[in-house]
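Some notes on the structure that comes next.
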């Protein structure tokens, strides 16, 4: 595949969507063809799965939750991400399988290795060339989320401990794969973060 695959990760409230949007605009201005997507919900099938995962009333068994995320991801990669990469395009996704390792593996106290293996199987081993991890303490991220005025979804309503576990897991993942991860302090200003991201992407183009 000749395209470039970039994922944005981090706990809720760190600014992933903002940075992904800015990167998409910058790349498009350079004449690049960019496919901007997200998980869960990057496809028609994914939209239905997203409704269950984020808006289902009541509990979901942790393993069922992990399996639903994997199902969404499998279809997402097969129907949208791989075809775009094979066309030589740049794919930017807001969340990918590292989210499952952090949220379902660590946050839900499932085996991180099992969740990772499930996700890798679902995507046929497809890894991003660059994963941008926006890092922020869980309490700061929660305060940011609360300021948006939007109704929190099922996962956003989790206790602070859930996000602290997820954040720690993300940092462990980044430490284990420094060649793939770019860790950015999300407490800095938007422009500074974007400059760091553009520099890393430029080196891959």
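Every residue, every condition in (1) within 29 Å of residue 63 (Cβ to Cβ); (2) under 17 Å from the mean Cα position of the chain (by Cα), yes or no:
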{"position": "113", "(1), (2)": "yes, no"}
{"position": "158", "(1), (2)": "yes, no"}
{"position": "174", "(1), (2)": "yes, yes"}
{"position": "182", "(1), (2)": "no, yes"}
{"position": "186", "(1), (2)": "no, yes"}
{"position": "191", "(1), (2)": "no, no"}
{"position": "197", "(1), (2)": "no, yes"}
{"position": "203", "(1), (2)": "no, no"}
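Scanning segment 77-100 for residues that are farther than 17 Å from residue 130 by Cβ and touching a helix residue (DSSP H, G or I) at 6+ places or on another chain (Cβ under 6 Å) gives a single hit, 100.
Results for (1) at pLDDT 90 or above; (2) within 30 Å of residue 85 (Cα to Cα); (3) part of a helix (DSSP H, G or I), shown as yes or no for each residue.
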position	(1), (2), (3)
110	no, no, no
127	yes, yes, no
131	yes, yes, no
143	no, no, yes
154	no, no, no
173	yes, yes, yes
178	yes, yes, no
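If I filter segment 22-39 for residues that are assigned to a loop (DSSP other than H, G, I, E, B) and touching a helix residue (DSSP H, G or I) at 6+ places or on another chain (Cβ under 7 Å), do I get at least one hit? Checked segment 22-39: at least one residue is assigned to a loop (DSSP other than H, G, I, E, B) and touching a helix residue (DSSP H, G or I) at 6+ places or on another chain (Cβ under 7 Å).
Conditions (1) surrounded by fewer than 17 Cβ atoms within 10 Å (Cβ to Cβ); (2) closer than 24 Å to residue 136 by Cα, marked per residue:
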| site | (1), (2) |
| --- | --- |
| 17 | yes, yes |
| 20 | no, yes |
| 28 | yes, no |
| 45 | yes, no |
| 48 | yes, no |
| 51 | yes, no |
| 73 | no, no |
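Listed conditions (1) within 19 Å of the chain's Cα centre (by Cα); (2) surrounded by fewer than 20 Cβ atoms within 10 Å (Cβ to Cβ); (3) at pLDDT below 95 are all met by residue 2, apart from (1). Filter segment 73-106 down to the residues that are in contact with a strand residue (DSSP E or B) (Cβ under 9 Å, 6 or more places away or on another chain), under 27 Å from residue 157 (Cβ atoms) and assigned to a helix (DSSP H, G or I) and list them by number. Passing the criteria: 76, 97, 98, 99, 102.
The values are calculated or read from the model by the stated rules, or taken from the named source; none is laboratory data. Just so you know, these numbers come straight off a predicted model, no measurement behind them. As a convention, Cβ positions derive from the backbone with ideal geometry for all residues, glycine included, and neighbour counts pool all protein chains shown.
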